[in-house]
Every structure is written in structure tokens, then in C-alpha cells.
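The values are calculated or read from the model by the stated rules, or taken from the named source; none is laboratory data. Just so it is clear, the structure is predicted and the values come from calculations on it, not from any experiment. Using ideal geometry, Cβ is built from the backbone for each residue, glycine included, and neighbour counts are taken over all protein chains shown.
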Amino acid sequence: MVASNPMDTVAGIMTKNVISIDSEVPVKKGLQIMIDKDIGSLVVLKKGEPAGIITERDVTRRSLDPAKGRDLYERPIGGLMSHPLITVPSTTPIDETFEIMVTNKIRRLPVVEQERLVGIITERDLFRWVLRVFYEPNIPDRIKKFVQ
């Protein structure tokens with residue numbers, strides 16, 4: 001599908017201020033950033049380029065494994081990140097984005113242009129898009145706060 005409305009592409013709904021972290025930073029610091037910023041993931045960079053993603057879920061699952069959980073918080077975050085990183089360009093239509101995320105069982109999808117991180121699509125971004133499309137053109141006041 002080719003999107004005719006810019007709001008029907010990744011560029012129109014992505015979160016632009018993506019928090020990233022270098023792959024050599026300790027897991028403990030990454031978790032602290034997630035807590036401070038109230039986010040559930042960080043895009044991991046190697047040599048300045050997106051290489052993986054780390055989520056609270058990744059850390060939680062490994063912390064309960066006695067073999068992997070030992071000294072977990074002092075390890076480089078790159079060792080825990082999910083990779084290879086699945087990404088999309090900002091021109092990707094929303095229906096393709098849904099398909100990519102569902103097929104790959106992922107909740108966050110970094111947006112990359114020329115190997116540079118420019119945004120991220122999350123389940124919440126897609127939820128807002130669905131609400132907007134469902135209610136357009138008469139979005140009820142009680143819903144407007146969720147779609148902006």
C-alpha cells in the first residue's frame with residue numbers, strides 16, 4: 001500500500017525523541033535512564049549506529065537466570081540487547097508497520113534513515129493512530145487527549 005496521507009506513514013506518527021545508549025554502557029546505567037525517562041526501552045548504538053534494542057523485559061528475563069543473572073547489572077548493555085535490529089524507513093505505510101511488528105513479535109520498531117536513528121514506532125503510537133482513524137473526522141473530546 002502506498003500511503004497518500006503523511007499521517008498514514010511512520011513519519012507521521014513516530015516518536016522523534018528516541019533515547020539511545022552506547023553498547024558499552026553498563027546495564028545498570030541503562031535501567032536508570034529508563035526509570036528516569038519513564039520509558040521501557042533504549043535503542044543500542046555501536047559506533048554511533050543503531051545495532052539493537054534493550055527492554056525492561058530483556059533485563060528481567062535474564063536476571064532470573066542464575067547463569068546469566070550474575071553480575072548482570074555491571075555487564076555492557078550490548079550483551080543483553082535484542083539483535084539484529086529490525087528497522088523501517090520513515091516512508092513505511094502504517095499497515096506494513098503493523099505487519100512487521102506482529103510478524104516479528106516486537107513492540108517497538110526503530111525508524112532509520114541512512115543508518116541514522118530518526119524515530120521509533122511503539123504500540124502506543126499505533127494505538128493513537130487507530131483511534132484517530134476510527135473517530136475521524138469527529139474525534140470526541142474525551143478521546144482527543146489520547147490521539148495528540
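Values computed for the structure shown
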| item | result |
| --- | --- |
| Residue that is surrounded by the fewest Cβ atoms within 10 Å (Cβ to Cβ), among those in region 83-100 that are closer than 15 Å to Val130 by Cβ and either free of Cβ contacts under 8 Å to residues at least 24 places away in the same chain or among the aromatic types (Phe, Trp, Tyr) (or both) | Glu99 |
| Tally of residues being out of contact with any helix residue (DSSP H, G or I) (no Cβ under 8 Å at 6 or more places or on another chain) and under 14 Å from Leu126 (Cα atoms) across region 96-105 | 4 |
| Unmet requirement for Phe98, which otherwise passes all of (1) over 14 Å from Thr9 (Cα atoms); (2) part of a helix (DSSP H, G or I) | (1) |
| Some residue of region 59-76 being in contact (Cβ under 8 Å) with a residue 60 or more places away in the chain and touching a Leu at 6+ places or on another chain (Cβ under 8 Å) | no |
| The listed residue being closer than 21 Å to Met14 by Cβ and modelled with pLDDT under 95, out of Val59, Val133 | Val133 |
| Selected residue (criterion: farthest from the chain's Cα centre (by Cα)) from residues of region 14-44 that are closer than 14 Å to Asp58 by Cβ and part of a loop (DSSP other than H, G, I, E, B) | Ser23 |
| Per-region count, region 40-63, residues among the hydroxyl-bearing types (Ser, Thr, Tyr) and either out of contact with any strand residue (DSSP E or B) (no Cβ under 7 Å at 6 or more places or on another chain) or surrounded by fewer than 14 Cβ atoms within 10 Å (Cβ to Cβ) (or both) | 2 |
| Residue identified as within 13 Å of the chain's Cα centre (by Cα), closer than 17 Å to Val18 by Cα and assigned to a strand (DSSP E or B) among Ile53, Ile86 | Ile53 |
| Matching residues, region 101-127, being surrounded by fewer than 16 Cβ atoms within 10 Å (Cβ to Cβ) and assigned to a helix (DSSP H, G or I) | Val102, Thr103, Asn104, Glu123, Arg124, Phe127 |
